[in-house]
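First comes the structure, then the notes that go with it.
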Amino acid sequence: MAEDLMRYDLLAQEALRGVVRQALRRVERSGFPGQHHFYIAFLTHAPGVQISERLRQRYPNEMTIVLQHQFWDLAVREDEFQVALSFNDIPEKLIIPFRAVKGFLDPSVQFGLQFETVSEETAALQAEGLAPREPPTPLKRPESEPKAADSGETAPKIVSLDAFRKK
């Protein structure tokens, strides 16, 4: 089999990040329609992520935010989005590059996406076979949210790019 020099896996991830970008842009323009809301998991230490030192200490690796009722100042750009949220009644502004996003879930319609989040250096090493590929960590609801089994919902269908990758 020929070597994938096009890196279709990375191209597909960028295209799916476009789904997240467009969903956030719709909310930015018009708010959430119906019961839609989002869980967004991201790497707190990824390049370009801007969060307070307090949040970085509490979430040194990964954080999941919920965009539903209490958020403001959502601004979506081509490579990142920013949003203000309250954590323990303390307002915080977060700036999150789309490349730092690990997972996106809209539980109201059972739609989810998972992404590999690797640095460009690691991606280059993986392409050369010098670094192993790790499967994405499943996106989980925050502990304060009811689980699907508790709420009568069916479990969300998460789309992982590994399902389409030849082994």
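The values are calculated or read from the model by the stated rules, or taken from the named source; none is laboratory data. Bear in mind that the values here come from a model prediction, so they are computed numbers and not experimental data. Quick reminder, even Gly has a Cβ in these numbers, built from the backbone with ideal geometry, and neighbours come from all protein chains shown. For the accessible areas, the whole protein counts, side chains as well, though only heavy atoms, and no ligand, DNA or RNA atoms are used. Shrake-Rupley method; radii C 1.70, N 1.55, O 1.52, S 1.80 Å.
Just give me the residues in region 36-74 being surrounded by fewer than 13 Cβ atoms within 10 Å (Cβ to Cβ) and among the hydrophobic types (A, V, I, L, M, F, W, C), in sequence order.
Within region 36-74, just 72 meets the criteria.
Residues in region 17-35: is at least one free of Cβ contacts under 8 Å to residues at least 12 places away in the same chain, over 16 Å from residue 74 (Cα atoms) and either part of a strand (DSSP E or B) or open to solvent by 30 Å² or more (accessible area, probe 1.4 Å) (or both)? Spell out the reasoning first.
Looking only at region 17-35, we keep the residues that are free of Cβ contacts under 8 Å to residues at least 12 places away in the same chain, and these are 18, 22, 26, 29-31, 33.
Subset that is over 16 Å from residue 74 (Cα atoms): 18.
From what is left, the residues that are either part of a strand (DSSP E or B) or open to solvent by 30 Å² or more (accessible area, probe 1.4 Å) (or both) are none.
Scanning region 17-35, I find no residue that is free of Cβ contacts under 8 Å to residues at least 12 places away in the same chain, over 16 Å from residue 74 (Cα atoms) and either part of a strand (DSSP E or B) or open to solvent by 30 Å² or more (accessible area, probe 1.4 Å) (or both), so the answer is no.
Only residues that are assigned to a helix (DSSP H, G or I) and either free of Cβ contacts under 8 Å to residues at least 12 places away in the same chain or in contact with a Gly (Cβ under 7 Å, 6 or more places away or on another chain) (or both): list them for region 55-99, please.
Step one: of region 55-99, the residues assigned to a helix (DSSP H, G or I) are 55-58, 98-99.
Residues satisfying the conditions are 57, 58.
What is the one condition in (1) farther than 26 Å from residue 28 by Cα; (2) of a type in the set (Phe, Trp, Tyr); (3) at pLDDT 95 or above that residue 111 does not satisfy?
Single failed check for residue 111: (1).
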